[in-house]
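A.B. asks: Have a look at this one before I ask anything.
The values are calculated or read from the model by the stated rules, or taken from the named source; none is laboratory data. What you see is a predicted model; the values in this text were computed from it and never measured. Note: ideal-geometry Cβ built from the backbone for every residue, glycine included; neighbour counts use all protein chains shown.
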Amino acid sequence: MMKTFVLALALSFTSFCSAQFVSGDDKLHLGGGFVISSGTYTAVYLKTKNKKKAFWYSLGMSALAGATKECIDVGQDERFDTGEMVATTIGGLVASTTLSLFVGKKRNDKQKEVALVN
């Protein structure tokens, strides 16, 4: 009953939101953040074998790249676009989270279980 109420409440607020347009440039920022974060995660994890450090460094690098690109835009008489910076950071978040979930998994867990049974 509570789930139905919460769902109905959430759906009732959708009419208050206006549709948002995602530009091609924002998609490029998302992809750029993903690539930067993936490379950073891989490098940090291979060096340290620490998933938390790799996650935070890779996320930080994508955020730094987004902020730096927008600062360069301001220097070229363009406006600072927070949306593009957020898109770059979100691309980094997606890459960092995905890699954090799947990197470093033990593949020989079945061998350990067999050894314990024997």
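A.B. asks: Among the candidates F21, F5, F13, single out the residue that is over 30 Å from G60 (Cα atoms) and at pLDDT below 70.
C.D. replies: F13
A.B. asks: Now for a separate question. Checking G31 against (1) outside any loop (DSSP other than H, G, I, E, B); (2) modelled with pLDDT under 75, only one condition comes out false. Which one?
C.D. replies: (2)
A.B. asks: Give the residues of the range 42-100 that are among the aromatic types (F, W, Y) and either crowded, with 20+ Cβ neighbours inside 10 Å or in a helix (DSSP H, G or I) (or both), sorted by residue number.
C.D. replies: Y45, F55, W56, Y57, listed by residue number.
A.B. asks: Kindly list, by first and then second residue, each pair from a residue in the range 52-78 that is acidic (D, E) to a residue that is part of a helix (DSSP H, G or I), limited to pairs with Cβ atoms under 7 Å and residues at least 6 apart or on different chains.
C.D. replies: Listed pairs, sorted by first residue: E70/E84; E70/M85.
A.B. asks: Select from the range 101-118 the residues that are under 28 Å from the mean Cα position of the chain (by Cα) and surrounded by fewer than 10 Cβ atoms within 10 Å (Cβ to Cβ) and write down the one among them that is modelled with the highest pLDDT.
C.D. replies: Taking the range 101-118 as the starting set, the residues that turn out to be under 28 Å from the mean Cα position of the chain (by Cα) are 101-107.
Those still in the list that are surrounded by fewer than 10 Cβ atoms within 10 Å (Cβ to Cβ) too: 102, 105-107.
Numbers: F102: 88, K105: 68, K106: 64, R107: 61.
If we take residues in the range 101-118 being under 28 Å from the mean Cα position of the chain (by Cα) and surrounded by fewer than 10 Cβ atoms within 10 Å (Cβ to Cβ), then F102 is modelled with the highest pLDDT.
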